[in-house]
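Just so you know, all these numbers are worked out from the coordinates, no wet-lab data involved. Predicted model only: the values in this text are computed from it and were never measured. Because the Cβ atoms are built from the backbone with ideal geometry, glycine has one as well, and the counts that use them run over all protein chains shown.
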Amino acid sequence: MKKFARYIEKGIIYVLIVMMSIILILATVELGYYLIRNIVQSDYLLMDLDDLMDLFGVFLLVLIGIELLDTIKVYLKQNQVHVEVVVLVAIIALARKIVILKVEELDGETIIGIGVLIIALSIAYYLIKKAGLMVCNFDDDEGTPKPEPPEKINPL
């Protein structure tokens, strides 16, 4: 039964990889089209600031997709989730949101909340790097995550 479940899981992961690849190809084509269209329609080959911010948002979205695809591929090969990459994707997603937001339209609580999220993700990333917890293995018997012990750093 466990073998059958593992085959189903691998099949789903392969489907996710194919779908994510299609999404990334389409998003990259859209990014290129959007860039060329804005350059051609602009005066003196300069883009409007709002168009430029939208372009950065789409670029960061493609970058997030690439990181997620990499995480899915590593999980397929090693049955591990790289915690560092997951936190990094969250940081990139937050950066994307910050780039496309219009700060003047936000209230104070939202800006404070975004600031707290930035600090929390930064601290999480720092602690993961400092502790050496880069990978979370999944036990095949129970399906629960087991953190991998920190790697020993050899001082010079």
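Computed over the chain, the per-residue total of -39500 (n - 2.57) for DSSP H runs of n ≥ 4 gives a 222 nm mean residue ellipticity of -26000 deg cm²/dmol, rounded to 500. Placing dummy labels 7 Å off each Cα toward the beta-carbon, the span from ILE17 to LEU106 is 3.7 nm. Rg and Dmax of the stretch 2-147, based on Cα coordinates, read 19.2, 63 Å. Computed over neighbours whose Cβ is under 14 Å from that of MET53, the net charge equals -3, Lys and Arg +1, Asp and Glu -1. Of the residues LEU106, LEU68, LEU117, the one that moves most in a GNM of the chain with alpha-carbon contacts below 10 Å is LEU106. Only lysine pairs 8 or more places apart or on separate chains count here, and in the chain those with Cα atoms under 29 Å apart total 25. Between the stretch 59-116 and the stretch 1-42, the alpha-carbon centres lie 16 Å apart.
What is the order of ARG6, ARG96, fewest Cβ neighbours within 10 Å to most? Let's see the in-between values first.
Details: ARG6 12, ARG96 18.
Ranked by crowding around the Cβ, least crowded first: ARG6, ARG96.
Given Cα pairs under 8 Å that are at least 6 residues apart, what percent is the relative contact order of the chain? Don't jump to the answer; show the numbers that get you there.
Numbers: 117 pairs, mean separation 30.8, N = 156.
Value for the chain: 20 percent.
Footprinting exposure proxy ranking of ASP70, ASP51, fewest other C-beta atoms within 10 angstrom first, gives ASP70, ASP51. Sequence-ordered 3J(HN,Hα) estimates for the stretch 28-44 from the Karplus curve with 6.51, -1.76 and 1.60 and θ = phi - 60° stand at 5, 4, 4, 4, x, 4, 4, 5, 5, 4, 5, 5, 5, 7, 8, 8, 6 Hz, glycine and proline given as x. Among VAL87, VAL40, VAL74, the largest mean-square fluctuation in a Gaussian network model of the chain (Cα springs under 10 Å) belongs to VAL40.
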